[in-house]
Amino acid sequence: MSALTKAELAEHLHTELGFSKRDAKNMVEIFFDEIRGCLRENEQVKLSGFGNFDLRDKSERPGRNPKTGEEIPISARRVVTFRPGQKLKSCVEDYAAEYFESMRLENERSG
Amino acid sequence: MTKSELIEQIAMHQSQLSLKEVEAAVRLILDDISDALASGGRVEIRGFGSFSLHYREPRVGRNPKTGDPVTLDGKFVPHFKPGKELREQVNASRALGY
C-alpha cells in the first residue's frame, strides 16, 4: 500500500468538502505549517482524539560512529515526540486485532 | 496550542473560508491520517514527518492493583518520525533561546 501524502489529503478536501483545488492545497500546507510553527516556538500541540506533539530537551550524551566505532558526543538537542491519543490508539488496535486474526487463519490453512 | 486554536489560526490566514469549513477540513485531515494508520498504512508529509505503525512484542505485564501477572498480546502502536526540516527547525529554536 502506498503512503498517504499531502496530495491525497488535498484531493480528498476537494472531493469530500468541495474545496477548490487551490484552497485544498493551501489548507493542507497551512495545517502542517501551523503545527510546525508552534513546535518551533517550543509550544506543545494538543489535538484531542488524535494525539499530542511534545518537545523534549535532551542533554549531551556519548555516542559512536557506527561505521568506524569512533567515539563522538551526541550534542544537546530539542526533539519532537508524538503521543497518540486514546481514540487513535484504539483505531490502530482494532486493525491489529484483525491483522492477528487473519494471520491465525492463514496459519491454520497452511498448517 | 489546542485543536480549536489551530482551527482559529488557520481561519485567520484563509479568510475566504468560514470557520466551519476550516473545522471540517481539520477534522478530515486528522481522520484521513487515523484511517490510513488504522488500515495498516503509512502517512508521509514532506517537510513535516511520517506516521507509521510500530509493533510491540507480546509480554507479561502485571495488574497494578493486585500484582498478578497478565499476558499481553502483541500490538501495533502509532509512531511519528519528525522529518528533517521539522527536526532542524525545532532544534535551531533551542539555540535561539525559545
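The values are calculated or read from the model by the stated rules, or taken from the named source; none is laboratory data. The structure presented is a predicted model; accordingly, all values stated were derived computationally and were not measured. Reconstructed Cβ throughout: ideal geometry from the backbone, glycine too, with neighbour counts over all protein chains shown. Please note that ligands, DNA and RNA were not included when accessible areas were found on the heavy atoms of the full protein model with its side chains. Shrake-Rupley method; radii C 1.70, N 1.55, O 1.52, S 1.80 Å.
Between helix B:19-38 and chain B there is an angle of about 30 degrees, using the helix long axis and the longest principal axis of the Cα atoms.
Using only the heavy atoms of the protein chains and a 1.4 Å probe, how would B:Met12, A:Met103, B:Met1, A:Met27 rank by accessible area, largest first?
Working: B:Met12 135, A:Met103 85, B:Met1 25, A:Met27 0 Å².
Result of the area sort, largest leading: B:Met12, A:Met103, B:Met1, A:Met27.
Against the compact-protein benchmark of 2.2 N^0.38 Å, the Cα-based radius of gyration of the protein assembly as shown scales to 1.21.
The lysines whose alpha-carbon is closer than 21 Å to the alpha-carbon of A:Lys21, local same-chain residues fewer than 8 away aside, are A:Lys6, B:Lys20.
Sorting B:Phe51, A:Phe82 by accessible area (1.4 Å probe), largest first, what list results?
Values: B:Phe51 5, A:Phe82 25 Å².
Order by accessible area, largest first: A:Phe82, B:Phe51.
Rg and Dmax over the alpha-carbon atoms of chain A stand at 20.8, 56 Å. Each listed q (0.21, 0.26, 0.27 Å⁻¹) maps to a log10 I(q)/I(0) for region B:22-95, found by the Debye formula over equal Cα scatterers with no solvent: -0.93, -1.11, -1.14.
For region B:1-79, what is the charge dipole size about the Cα centre, in debye to the nearest 20, if Lys and Arg each add +1 at the Cβ and Asp and Glu each add -1 at the Cβ? Before the final figure, lay out the partial values.
On the way: 10 positive and 11 negative charges, 77 e Å.
With Lys and Arg at +1 and Asp and Glu at -1, about 360 debye.
Within the straight-line cut-off of under 12 Å between alpha carbons, the aspartates and glutamates reachable from A:Lys89 are B:Asp35, sequence neighbours fewer than 8 places apart in one chain being disregarded. Each Lys and Arg contributes +1 and each Asp and Glu -1, all at the Cβ; summed about the Cα centre of chain A, the dipole is approximately 420 debye.
Using the Cβ-Cβ distance between A:Ser20 and B:Leu72 with R0 set to 45 Å, the FRET efficiency works out to roughly 0.40.
Helix B:84-95 and the longest principal axis of the Cα set of chain B meet at an angle near 80°.
Just how large is the dipole of the protein assembly as shown about the Cα centre, in debye to the nearest 20, putting +1 at every Lys and Arg Cβ and -1 at every Asp and Glu Cβ? Walk me through the intermediate numbers first.
Details: 33 positive and 33 negative charges, 159 e Å.
My answer is approximately 760 debye.
On the principal axes of its alpha-carbon atoms, region A:1-55 has extents of 34, 26, 19 Å, going from largest to smallest.
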